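The values are calculated or read from the model by the stated rules, or taken from the named source; none is laboratory data. Worth saying up front: this structure is predicted, and the values here are computed from it rather than measured. Heads up, the Cβs are rebuilt from the backbone with ideal geometry, glycines too, and the neighbour counts pull from every protein chain shown. Surface accessibility is based on the protein's heavy atoms, side chains included, excluding ligands, DNA and RNA. Shrake-Rupley method; radii C 1.70, N 1.55, O 1.52, S 1.80 Å.
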Amino acid sequence: MLLCGQTRRDSTRIKRQEAALLLVSSAVLAYQVVLVRAFSIGQWHHLAYMVISIALLGFGASGTLLAALERRKANPATRRAQSSRLQTGWFALSATAFALTVPISFWLTQQVPFEPFLMIWDHRQLLYLGCYYLVLFVPFFAAATAIGLALTRESECCPRLYAFNLTGSGVGAFLAVVLLSVAPVEWALVGVGALALGAAVLALLDARPIANRAGRRRLAVAGIATVAALTIIYVSHPPAVRLSQYKSLSYALNLPQARMVAERSSALSRVDVVASPAIREAPGLSLVAPAEAVPPPQLGLYVDAETAGAITSFDGDTGRLSYLDWSTTAAPYFALPEASRGVQVCVLGSGAGASVLLALLHGAQQVDAVELDPNVLDLLQGRFRAFTGALYSRPEVRVHRAEARAFVQAARGTWDIIDLSLLDSLAASAVGVGAVAENYLYTREAFEAFLHHLRPGGLLAVTRWARMPPRDELKLFATAIAALERMGLNPSDRLTMIRSWATVTLLVKREPFQATELSALRRWAEQRLFDTCYSAGIAADHPNRFNVLERDYYAEAARAFLAAGLRREQFFRDYAFYLRPATDDRPYFFHWRVLPLMLSTVGRSWVPFVEWGYLILVATLVQATLLGVLLIVLPLALLPRRVTPSEPAFTHPLPDRRARLPILLYFLALGLGYLFVEMALIQRLVFFLANPIYAVSVVLAGLLFVSGMGSAWGARQVEKGRSVGRLACLAAIGVAVAVTVYAFGLRTALTPLLSWPLTARMALSLAVMLPLAAMGIPFPLALRQLGQTHPELLPWAWAINGCASVVASPLATLLSLSTGLPSVLLAASACYVVAALEVRSWQTFPTEAACRPPRRSERDSGR
């Protein structure tokens, strides 16, 4: 069977090009996932999304190059032949440049001393940020140019080639997880380079500008040798991921006599253990703790370079653990009456085991330690087993490798205490990076699940770092109130909040606190100079006595939240930060209202209080928008008012600006819609799959793979003579309907299935994306139609779609922050509706039959 109207002699070349396109697509997506892991380790989780924006910037910019190449075509007589030769030549050059720049780009990235936290002091950081963009941009630009050449120069084959592109991308995302599971980030890049090298070899073998086959082979050998030499250099001196100086691991390695004693890496995280005599961790330890309340020798445990607690030396003598009673995390044990000793405790996010030790100190009968990261468990149960006194192998401790919320919702048992303490590091909290990261452990629905798994009289204890001005801890208080009210319970006598100089612990019960419990808590808190911010019946002058604030926001917020009605709403509206209860649809701590305040007051004295995650996200959006506009306007400037037709039958002038508007809207809507769906699914599946890297990989692999299937199906339908416009319109409407259903029903459908094993949840996540296969149909069909009517606009359309995708990445995150995840999916649905409506504008262009050269019989007959 002939491929896309080509002769049999060309079929081998086309197959080789399809294989090269598959490998380029796989390599570029694998590189993207590897970079996401590198950003998560070296910087913070929210900056990892910048990789998606930079990658798409490369795709948008490639349209400018393709438009420039379009102008250099020769006269009509030689245009088709030269176009084919130029296509294969530029394709080979782009694929080879991608293979060469992948290791160079990664190495240079780790040499750039970019620190976003220093941007207000050191304006050189703006230059470093530009270097980041430039260095990361180059390989994505090269790969995008190769992909764009394949799709725009072979417009008749576009649906088929687009299927290879999307399928390869999906496979690349899956391979990245496999590589990261067996090798650290630095070495996983070698596998990405191998994929890129394979694509370069196939492209060089097909470099048509070199007519001699032997010459092409020599060129391929030279390319292989160059990339191989570069790979050997990289392997002999692999660059370590550069850590921000504000990451907790950076602090630890600067301690006296600090040394790395263990390191583990996986697709989930990188785990490091640091030894130093200066490591002594007791978060929020009372300032009046006695001299004997000193932690035993400890080792620092760090996950993705952020602290996950300290591994404490333990020999079975709980007497050496008395220091734990001098922090607010011990509050739930002092609220329980003496008769209830021998409690059952569930520690969510057990990490290094501090909360497990606290439970053992108070004679817990059974402790369920829930930890997601297998590397943490392997280290504590393996290499550091003797150091910890086999803590995780004690008969009263049961270890569960699971995501915290999924474990609780799937559990059949109940506990006296559910402990959720300090799951984020002090450093990350201080620079405000958690505000733009979704967290499903602190939502109203999560609190309801936790409370339903408490025994009668049981306590939910949540500890967070104290922040000034207060926000996270106040939002937690409001969220707990919302959860209790949804359960039909009066929150005023079921809540207690205790504050030290560094930490805040919130206690929540299903039953009212008893007077004896409150009295015991207050005596314990006063002895340690902890402030009771709120408890039932607390006197007006009791809060804010020891760690004195000029204005007691904690007491004010508690009174306003519990008053409900207009007073609660007024406090929500007036407070600088967004304190409304977090939900699964909006698991963030942000609202647009805080941005004007931050931008107007930011200065050196405000640096510790600014939510840097917001500012960097907004800066990324502004930057992406400006670059996107330039990349759309520039191709417009490059395109002439009229073009020389490639064949005599093409006598149609280039559409004027009004006629170009439907093209712009169509490809703009597709670019925005596709990325909105992608980003919203990533953020939603972080909840279902328990980890950002799993969510990114599954969504990228699944969505791109099913889109490739859809594109391949569309290609077959076109070959059968189906209407291109009708197919594209129906596909866009189908996507809009499916996405709307997901906006309102996806979370509800997935929540009861959190108890399923991870592999089953991944398989279900992939199945969820099957109805979205239609997303792979509208774009290639539009390129095919445009290639048959106005091929000179193909690069411009490619640029529009890429630039829209660049803007969509940060814009989707900001939309979810301000209005919730369902709104992002609804916006995506609206984009596909716009695309469906714009399909009818195709009727204003010449039809395929009108653009086709006349048959010989028609010319001979004079028609």
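Couple of notes before you dig in:
- Verdict on Arg401 being modelled with pLDDT under 90 and buried (at least 21 other Cβ atoms within 10 Å of the Cβ): no
- Among the residues of this structure, Thr789 does not count as one that is free of Cβ contacts under 8 Å to residues at least 40 places away in the same chain and more than 22 Å from Met679 (Cβ to Cβ).
- Number of residues in the range 381-391 that are open to solvent by less than 60 Å² (accessible area, probe 1.4 Å) and touching a residue at least 40 places away in the same chain (Cβ under 8 Å) equals 4.
- Any chance Val345 is open to solvent by less than 20 Å² (accessible area, probe 1.4 Å) and either over 14 Å from Thr329 (Cα atoms) or within 32 Å of the chain's Cα centre (by Cα) (or both): no
- Complete set of residues in the range 236-267 that are out of contact with any strand residue (DSSP E or B) (no Cβ under 9 Å at 6 or more places or on another chain) and touching a residue at least 12 places away in the same chain (Cβ under 8 Å): Pro238, Pro239, Ala240, Arg242, Leu243, Ser244, Gln245, Tyr246, Ser250, Pro256, Ser266, Ala267
- Taking the criterion of being among the hydrophobic types (A, V, I, L, M, F, W, C) and either on the phi > 0 side of the Ramachandran plot or buried (at least 24 other Cβ atoms within 10 Å of the Cβ) (or both), the residues of the range 803-816 that qualify are Cys803, Ala804, Val806, Val807, Ala808, Ala812.
- Count of residues meeting criterion [without any contact (Cβ under 8 Å) to a residue 40 or more places away in the chain, in a loop (DSSP other than H, G, I, E, B) and not basic (Lys, Arg)] in the range 280-308: 8
- Residue in the range 713-731 that is at pLDDT 85 or above and buried (at least 23 other Cβ atoms within 10 Å of the Cβ) present: yes
- Inclusion of Leu672 among residues that are at pLDDT 70 or above and touching an Asp or Glu at 6+ places or on another chain (Cβ under 9 Å) is not warranted.
- Unmet criterion (only one of (1) among the charged types (D, E, K, R); (2) more than 33 Å from the chain's Cα centre (by Cα); (3) buried (at least 22 other Cβ atoms within 10 Å of the Cβ); (4) within 20 Å of Val303 (Cβ to Cβ)) for Glu371: (2)
- Qualifying residue in the range 641-658 (condition: open to solvent by 30 Å² or more (accessible area, probe 1.4 Å), modelled with pLDDT of 70 or more and in a helix (DSSP H, G or I)): no
- Wholly within the range 483-576, helices (runs of 4 or more DSSP H) carrying at least 1 residues that are in contact with a Cys (Cβ under 9 Å, 6 or more places away or on another chain) and closer than 24 Å to Pro469 by Cβ: 553-563
- Summed over the range 241-264, the residues that are assigned to a loop (DSSP other than H, G, I, E, B), closer than 25 Å to Leu118 by Cα and open to solvent by less than 70 Å² (accessible area, probe 1.4 Å) give a count of 7.
- Among (1) open to solvent by 60 Å² or more (accessible area, probe 1.4 Å); (2) at pLDDT 85 or above; (3) over 29 Å from Phe687 (Cβ atoms) - the single one Gly537 does not satisfy: (2)
- Within the range 311-333, the set of residues being more than 26 Å from Ala525 (Cα to Cα) and open to solvent by 30 Å² or more (accessible area, probe 1.4 Å) comprises Asp315, Gly316.
- Tally of residues being buried (at least 17 other Cβ atoms within 10 Å of the Cβ), modelled with pLDDT under 75 and either among the hydroxyl-bearing types (Ser, Thr, Tyr) or not in a helix (DSSP H, G or I) (or both) across the range 120-159: 3
- Residues (of a type in the set (Gly, Ala, Ser) and assigned to a loop (DSSP other than H, G, I, E, B)) located in the range 702-756: Gly721, Ser723, Ser755
- Just so you know, in the range 688-708 the residues that are among the aromatic types (Phe, Trp, Tyr) and open to solvent by 10 Å² or more (accessible area, probe 1.4 Å) include one that is nearest to Gly168 (Cα to Cα), and it is Phe705.
- Entry remark, the range 790-821: residues being farther than 23 Å from Ala146 by Cα, among the polar types (S, T, N, Q) and in contact with a helix residue (DSSP H, G or I) (Cβ under 8 Å, 6 or more places away or on another chain) number 2 in total.
- Which numbered condition Asp378 fails, given (1) surrounded by fewer than 18 Cβ atoms within 10 Å (Cβ to Cβ); (2) touching a residue at least 40 places away in the same chain (Cβ under 8 Å); (3) closer than 26 Å to Arg522 by Cβ: (3)
- Ile224 open to solvent by 10 Å² or more (accessible area, probe 1.4 Å), touching a helix residue (DSSP H, G or I) at 6+ places or on another chain (Cβ under 9 Å) and among the aliphatic types (A, V, I, L, M): yes
- Just one of the numbered conditions (1) among the charged types (D, E, K, R); (2) in contact with an Asp or Glu (Cβ under 8 Å, 6 or more places away or on another chain); (3) without any contact (Cβ under 8 Å) to a residue 60 or more places away in the chain is not true of Arg722: (2).
- Flag for Gly353 being touching a helix residue (DSSP H, G or I) at 6+ places or on another chain (Cβ under 9 Å), under 30 Å from Ile693 (Cα atoms), of a type in the set (Gly, Ala, Ser) and open to solvent by less than 20 Å² (accessible area, probe 1.4 Å): yes
Okay, residues lined up against (1) within 24 Å of the chain's Cα centre (by Cα); (2) part of a helix (DSSP H, G or I); (3) modelled with pLDDT under 75; (4) not β-branched (Val, Ile, Thr):
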{"residue": "Ala38", "(1), (2), (3), (4)": "yes, yes, no, yes"}
{"residue": "Met50", "(1), (2), (3), (4)": "yes, yes, yes, yes"}
{"residue": "Leu69", "(1), (2), (3), (4)": "no, yes, yes, yes"}
{"residue": "Lys73", "(1), (2), (3), (4)": "no, no, yes, yes"}
{"residue": "Ala97", "(1), (2), (3), (4)": "no, yes, no, yes"}
{"residue": "Leu108", "(1), (2), (3), (4)": "yes, yes, no, yes"}
{"residue": "Gln111", "(1), (2), (3), (4)": "yes, no, no, yes"}
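- In the range 488-534, the residue that is most open to solvent (accessible area, probe 1.4 Å) out of those that are among the hydroxyl-bearing types (Ser, Thr, Tyr) and free of Cβ contacts under 8 Å to residues at least 40 places away in the same chain is Ser519.
- Residue that is surrounded by the most Cβ atoms within 10 Å (Cβ to Cβ), among those in the range 292-310 that are in contact with a Ser or Thr (Cβ under 6 Å, 6 or more places away or on another chain) and closer than 20 Å to Ala359 by Cα: Gln298
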